[in-house]
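Here, each number is a calculation from the coordinates, and none is a lab measurement. Computed from a predicted model, the values in this text were never measured in an experiment. Counting neighbours? That spans all protein chains shown, and the Cβs are built from the backbone with ideal geometry, glycine included.
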């Protein structure tokens, strides 16, 4: 993988303040990409806010890379449009989009409210569609684009207490399949990763000894290949 480079490319990584997103952003930047780091900076349930995005952007800049940060809520088209505008003003284009923003509202289906269900779908599925829509025409006109969706093994195999999360993650597979077909003639490749990795979102769900083997860096290596 050492020969995979992104020199001259511009990437947006959502949910990049921690875990997989942070790892993706750092890897892309280390391989030459200019990176917009997006994150609200809140807790895993989507509440609160913080400086996580700027912290990662600062880490990239300290290592000699180019990075910006933005706290756009991926479910809000106007905020996403503002983020994309900031990227194009700085760097002229968007070549790579990694849809990684996500939250958890884990409960058994019997205890889950409709709001719990909808809120998770809004961030994972609708948020990915909003961000993709914001760069889609630009990529079509450029004749180049690379888009990655973050699905999950919880969607493929199921996981107790994650009806909302699993449904959202499999919805992303459907979105990927359609956009793969629609983007192919414009050289837009759309793929999905369905990882299980050691992040804030898997703490308490997987035994500690297993988590030690599931590094976020190993998932980012797969992203670079896509």
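When 160, 6 are sorted by how many other C-beta atoms sit within 10 angstrom of their C-beta, beginning with the fewest, the order is 160, 6. Report note on the peptides 10-17, 187-194: ranked by the mean count of other C-beta atoms within 10 Å, highest first, their order is 10-17, 187-194.
On full extension, the segment bounded by residue 133 and residue 59 gains 23.8 nm, given 0.36 nm per residue less the C-alpha separation. By the helix-only formula, in which each DSSP H run with n ≥ 4 contributes -39500 (n - 2.57) and the sum is divided by residues, the chain has a 222 nm mean residue ellipticity of -14000 deg cm²/dmol. FRET efficiency for the pair residue 7 and residue 181, taken as 1/(1 + (r/R0)^6) with r the Cβ-Cβ distance and R0 = 30 Å, rounds to 0.55.
First obtain the Kirkwood hydrodynamic radius of region 10-225 from its Cα pairs, then insert it into the Stokes-Einstein equation at 10 °C and 1.306 mPa s, and state the resulting D in µm² per second as a whole number.
Working: Rh = 17.2 Å.
Using the Kirkwood radius from Cα pairs, D works out to 92 µm²/s.
With neighbours defined as other Cβ atoms within 10 Å of a residue's Cβ, the residues 165, 186 order from fewest to most as 186, 165.
Note: region 88-170, Cα convex hull, 90 Å³ per residue. Using 0.36 nm per residue and subtracting the Cα-Cα separation, the extra length available between residue 189 and residue 167 on full extension is 5.6 nm.
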